[in-house]
Amino acid sequence: MDIMLHIGAHRCATGYFQAFLAHHAAALGRDGWAIWGPDQTRDGLFHGVQPGPVSVTGRNLVARARGRLQLRLAAEQAGGSKQLLISDADLMGSPRNILSQRQLYGGVGVRMARFDAAFDGQVRDVMLNLRSPERFWTSLLTQSVAKGNPLPSADLLGQIAAQPRSWRDVITDVACAMPNARIWVMPYETYGDRPEVQLALLTGTRLARLSHADRLNRSDGLPTLRHRLAPNVARDLPRGEGRWSPFSDIQSATLRERYADDLMWLHGGADGLAELMRDPDKHAVGSNPPPYDLTRGTSDDDQNRRLAGSG
C-alpha cells in the first residue's frame, strides 16, 4: 500500500484540510483511498514510534508499534483501499515543543525517520504546507495565549526573530529522514483556503469545496482575544480591531525576508529535495513573462532614473 503523509505545518489551515477529507471520506473510499486524521492517529496508534518512557514490562515498544501499524494497513487493504492518506501536523512535533524550542520543528528529522521506519519504507509522498514565519509564529502565539498562557515576552519574540532556522532547513531535514519519499510543498498563502485544489494535485480527484464556516482553529482577532483573557492580561494587548501582531516592524521584516529566501530556493528547484506545487488555476505566461517580486536587488531602470536625477 502506498502511503502519503500530510504533516502540516500547524497553523496552515491543516484543520480545514482534515475537515475536507472527513467530509469526503466516503467518496475517497470509493476511489480506493483510506483516510486517517487526528481521530485515528492520536488514539494510541503511534504509541512507541517516538521515544518515551521505557516499558516496565520489558516489551519493545518500537517493534510493537510497527506491528500494530502493519496490521492496520493490512486491514485497510482487505477493505479495498489501495492508498492511504494520513493527515496530522503533530507528526512533526507539537506546538508546545515548537514554542519551547523557539525554532521551526527542531527535531523533525529524527521524528520523520522513526515514522519512515515504522511504516517499513512504504511512504511514497510527503505533503508539507508552509507559511510566512511572521504569520506562523503570530498564529501559534495567539492560540497559546487564547488557551490561558501568558503573553510572549520581548525576549521570547527576539529569540524567535533571530533564530536562523527556516522552512528550507525543515524541508531538508524531512528529505534526509525519508529519502525514498517525494516531498510536495504547498504554501498557505496559495492553498490555505483551497483544500479541494490541494487534494486534486495529490490524488487527481477534485471534490466540492466546503464553506469557510467549516474552517477549524482560526486565530482570534483582538476583540475576541481580549474577551477571552483576564482583564489584567487583556490590558496589555494593543487597542483596535484586526489581528494581533506581537512582533516589532524590524522583527516582522526579518521573518518575511527569510520566507522570501525560502520561496526563492523552492522556485529554483530546492536542490532536488522537494517540489513547489504550481497553482493549476493560474494560466502559464507567454514567451515574455512579467518580472517577479522574488528577484533580489534593484532593477536597472530604477538605477538609471536615480543617475539621471543626480545630474
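Each value in this text was obtained by applying a stated rule to the coordinates, not by laboratory testing. Computed from a prediction, not measured in an experiment: that's the story for all the values here. Note that we place each Cβ from the backbone using ideal geometry, even for glycine, and neighbour counts take in every protein chain shown.
Things to note:
- From its DSSP helices (H runs of at least four residues, each -39,500 (n - 2.57)), the chain gives a residue-normalised ellipticity at 222 nm of -13000 deg cm²/dmol.
- With Cα atoms, 0 to 90° folded angle of helix 61-78 axis to the chain main axis: 80
- A simple packing score, the average count of other Cβ atoms within 10 Å per residue, orders the peptides 113-121, 247-255 as 113-121, 247-255, with the highest score first.
- Rounded to the nearest 10 degrees, the angle from helix 14-23 to the longest Cα principal axis of the chain is 50 degrees.
- Amide H to amide H distances under 5 Å link H6 with I86, S87, D88, M127, where only residues 5 or more positions off or on other chains count and H is placed in the peptide plane.
- If only the Cβ of Lys and Arg carry +1 and only the Cβ of Asp and Glu carry -1, the dipole of the chain around its Cα centre is close to 840 debye.
- Alpha-carbon radius of gyration plus Dmax, which is the widest Cα pair, for region 63-203 in Å: 17.2, 55
- Cβ-placed point charges (K, R +1; D, E -1), dipole of region 100-173 about Cα centre in debye, nearest 20: 140
- Once the Kirkwood radius over Cα pairs is known for the chain, the Stokes-Einstein relation at 10 °C and 1.306 mPa s delivers a diffusion coefficient of 73 µm²/s.
- Relative to the current alpha-carbon distance between A27 and R206, full extension at 0.36 nm per residue lengthens the span by 63.4 nm.
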